[in-house]
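First up is the structure itself, then whatever we jot down about it.
Just so you know, all these numbers are worked out from the coordinates, no wet-lab data involved. Only a predicted model underlies this, so the values are computations on that prediction, with no experimental measurement involved. Cβ coordinates were reconstructed from backbone atoms using ideal geometry, including for glycine residues, and neighbour counts include every protein chain displayed.
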Amino acid sequence: MITVYSVSALILAYLCGSIPTAVWIGLAFYDIDVREYGSGNAGATNTFRVLGKKAGIPVMLLDILKGWTATNLAYFIGVSTTGAQNSTAYTNYALALGVAAVMGHLFPIFAGFRGGKGVATLFGMILAIHLHAALLCVVVFIVVLLVTKYVSLSSIAAAFTYPIGVSFVFPTPIRSIVIYGMCICLLILVTHQKNIERLLKGKESKVNFFKKKTA
């Protein structure tokens, strides 16, 4: 049932996702708009690349928090309109809120609709939806990153892990979660199209977050 509260929550979720943490932190503390450097994206990976881990870690954590917070708005608003917290209707509403936050990150109203690729915000969303599958994605991401040093490839591998996790490793009876997992794969492929092209050409940049900068 569509109510003023449910629509307001969707708008709030989008606005939460629209908070351009990479842009604001870069401008506030470094006088740099990260979108003008590196990959041109307003996300955690490009912040690590351009400004280093002191800026990258807060951006990553805040972007994850955006997705987690927006999705959990369903707990405060959705239970009264969708029923019990473990119901399919509640989960669908939480998914809708999370998607709104991701769209906000991709197309932030507070930063001229030029955002990031949404990986960290997506992760915050799946943390709120299915914790065990989210942790499995973390393991896959870290393993692939340590082996290849490609953040983009690690993100793609983690994205494809999620639908496998909710379908076979930690199966869920709620079909919309599985469908959402498949949509994640499609979204990550679309947002990482240029990265995939560079990977195929052997031109994708490798990242070492723990490497110290030389003077």
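A few comments on the model shown:
- Members of the stretch 106-130 found to be part of a helix (DSSP H, G or I) and closer than 20 Å to SER154 by Cα, listed by number: LEU106, VAL119, ALA120, THR121, LEU122, PHE123, GLY124, MET125, ILE126, LEU127
- Contact annotation: residue pairs with Cβ atoms under 8 Å, 6 or more positions apart or on different chains, pairing a residue in the stretch 170-185 that is touching a residue at least 12 places away in the same chain (Cβ under 8 Å) and closer than 16 Å to LEU127 by Cα with a partner that is assigned to a loop (DSSP other than H, G, I, E, B) and hydroxyl-bearing (Ser, Thr, Tyr), are VAL178/THR172.
- When LEU200 is tested against (1) loosely packed, with under 15 Cβ neighbours inside 10 Å; (2) assigned to a helix (DSSP H, G or I); (3) touching a residue at least 40 places away in the same chain (Cβ under 8 Å), exactly one condition is not met: (3).
- The set of residues in the stretch 157-190 that are surrounded by fewer than 22 Cβ atoms within 10 Å (Cβ to Cβ) and either among the small types (Gly, Ala, Ser) or under 21 Å from VAL207 (Cβ atoms) (or both) comprises ALA157, PHE160, SER167, SER176, LEU189.
- Number of the exception - ARG114 against (1) touching a His at 6+ places or on another chain (Cβ under 8 Å); (2) surrounded by fewer than 20 Cβ atoms within 10 Å (Cβ to Cβ); (3) basic (Lys, Arg): (1)
- The residue list LEU127, LEU153, LEU186, LEU131 contains one member that is under 17 Å from the mean Cα position of the chain (by Cα), among the aliphatic types (A, V, I, L, M) and within 21 Å of ALA9 (Cα to Cα), which is LEU127.
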